[in-house]
1. What's the number of the only condition in (1) among the small types (Gly, Ala, Ser); (2) surrounded by 11 or more Cβ atoms within 10 Å (Cβ to Cβ); (3) free of Cβ contacts under 8 Å to residues at least 40 places away in the same chain; (4) within 24 Å of ALA150 (Cα to Cα) that ALA61 fails to meet?
2. Which numbered condition in (1) among the hydroxyl-bearing types (Ser, Thr, Tyr); (2) surrounded by 15 or more Cβ atoms within 10 Å (Cβ to Cβ); (3) closer than 24 Å to ALA150 by Cα is the only one that THR106 fails?
3. If only one of LEU112, LEU134 is in a helix (DSSP H, G or I) and either in contact with a Gly (Cβ under 6 Å, 6 or more places away or on another chain) or farther than 22 Å from THR44 by Cβ (or both), which one is it?
4. Check the stretch 145-152 and report whether any residue there is surrounded by fewer than 11 Cβ atoms within 10 Å (Cβ to Cβ), hydroxyl-bearing (Ser, Thr, Tyr) and modelled with pLDDT under 95.
5. Do we have any residue at all in the stretch 141-150 that's outside any helix (DSSP H, G or I), polar (S, T, N, Q) and under 23 Å from TRP55 (Cα atoms)?
Amino acid sequence: MSAKLGNLMPPQLQLDNQLCFPLYAASRMITRLYQDKLAPLGLTYPQYIVMMILWESAPCAVKTVGERALLNTNTLTPLLKRLEQQGLIMRRRDTVDERVVVLHLTELGRDLRDDCECVPEALLNKLAVDESDLQQLKEVLNRLLPVLSAGVEEA
């Protein structure tokens, strides 16, 4: 019976014709590859994203980190608590506006950056894909993200 359903399946519902599936599958697999490198450093992939943002621009507001990482508050808050418990960051109320929570790197958090410098290159080496193809994919995805983000906000 499933063979009959497959033959009757409209093309727009066939898995091989979907944009979302290869993006989803690739994201999961790449995250798994990252995790192999990050676990020994005590980080999950979302924590790594937050740390990269903080290495670039700490101190900064929680809201800024959430926007850059595309993470909702309900996802970001427990993640930040774990980073703070690990001694990598400190959360402090802004002195001008107490409603704003500002994230600061600790010395341990700053030092972790050196340990993470090899992670992107190690991942590239594992992928064995032409770097220019990956750069082109990244550029397309960077153009797609704002469109997707706007669509999610409208929903």
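The values are calculated or read from the model by the stated rules, or taken from the named source; none is laboratory data. In this text the structure is predicted, and so the values were computed from the model without any measurement. Every residue, glycine among them, receives a Cβ derived from its backbone with ideal geometry; neighbour counts consider all protein chains shown.
1. (3)
2. (3)
3. Numbers: LEU112 fails: either in contact with a Gly (Cβ under 6 Å, 6 or more places away or on another chain) or farther than 22 Å from THR44 by Cβ (or both).
Residue meeting the stated conditions: LEU134.
4. For the stretch 145-152, residues surrounded by fewer than 11 Cβ atoms within 10 Å (Cβ to Cβ), hydroxyl-bearing (Ser, Thr, Tyr) and modelled with pLDDT under 95: absent.
5. To start, the set of residues in the stretch 141-150 that are outside any helix (DSSP H, G or I) comprises none.
No, the stretch 141-150 contains no residue that is outside any helix (DSSP H, G or I), polar (S, T, N, Q) and under 23 Å from TRP55 (Cα atoms).
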